[in-house]
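Okay, so here's the structure we're looking at.
The values are calculated or read from the model by the stated rules, or taken from the named source; none is laboratory data. Quick caveat, the model's predicted, so the values are computed rather than measured. Every residue, glycine as well, gets a Cβ built from its backbone with ideal geometry; the counts of neighbours run over all protein chains shown. Just the protein is used for accessible areas: all its heavy atoms, side chains included, with ligands, DNA and RNA removed. Shrake-Rupley method; radii C 1.70, N 1.55, O 1.52, S 1.80 Å.
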Amino acid sequence: WAREWACDGSCEAFSLAVDGAGQSVTVLSFGWDDTLIVDGQLFKGKPDEWNSLAVKLDRDGDIVWVSERVPGTPEVAVDALGTVYLAGEFKADASVGGGKFQLDAGIEDSDLYVLKMRP
């Protein structure tokens with residue numbers, strides 16, 4: 001199987017991991033003035049940094065879930081149970097998970113984060 005996602009601007013498939021069940025998680029990154037369409041939903045870049053989405057695909061290449069937007073261009077890993085981990089850098093305020101994960105790098109700094117996501 002093969003998957004594609006429409007991009008207007010600078011986009012890339014940044015990182016990929018496969019779990020023990022053959023499901024994959026791919027990080028799709030796009031610039032601050034760019035748009036990306038995943039599973040019929042339009043995502044527009046947030047100003048001042050790269051933006052990313054994690055997309056989980058089943059063994060047949062069908063979308064299981066699409067994450068909320070995460071900052072930067074994180075690397076992805078999965079554990080034996082299929083739990084997804086993203087690790088990356090951010091340079092501005094960010095919120096992931098409906099306000100459950102608040103990040104504040106300040107005005108001129110950049111900080112690092114690790115985010116644990118569902119299988």
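General remarks:
- Pairs of Lys residues in the chain are counted when their Cα atoms are under 19 angstrom apart and they lie 8 or more places apart or on different chains; the count is 6.
- Surface share of carbon and sulfur [accessible, 1.4 angstrom probe, percent] for the chain: 49
- Contact order relative to length of the chain, as percent, for alpha carbon pairs under 8 angstrom and 6 or more apart: 21
- Exposed loop sites here are GluC sites (Glu not before Pro) assigned a DSSP state other than H, G, I, E or B and surrounded by at most 10 other beta carbons within 10 Å; excluding them, the longest clear run of the chain is 5-107.
- Positive minus negative residues near Lys44 (Lys, Arg vs Asp, Glu; Cβ under 12 Å): -1
- FRET efficiency, Lys46 to Asp79 (Cβ-Cβ, R0 30 Å, nearest 0.05): 0.55
- Area accessible to solvent at Arg69, 1.4 Å probe radius, in Å²: 80
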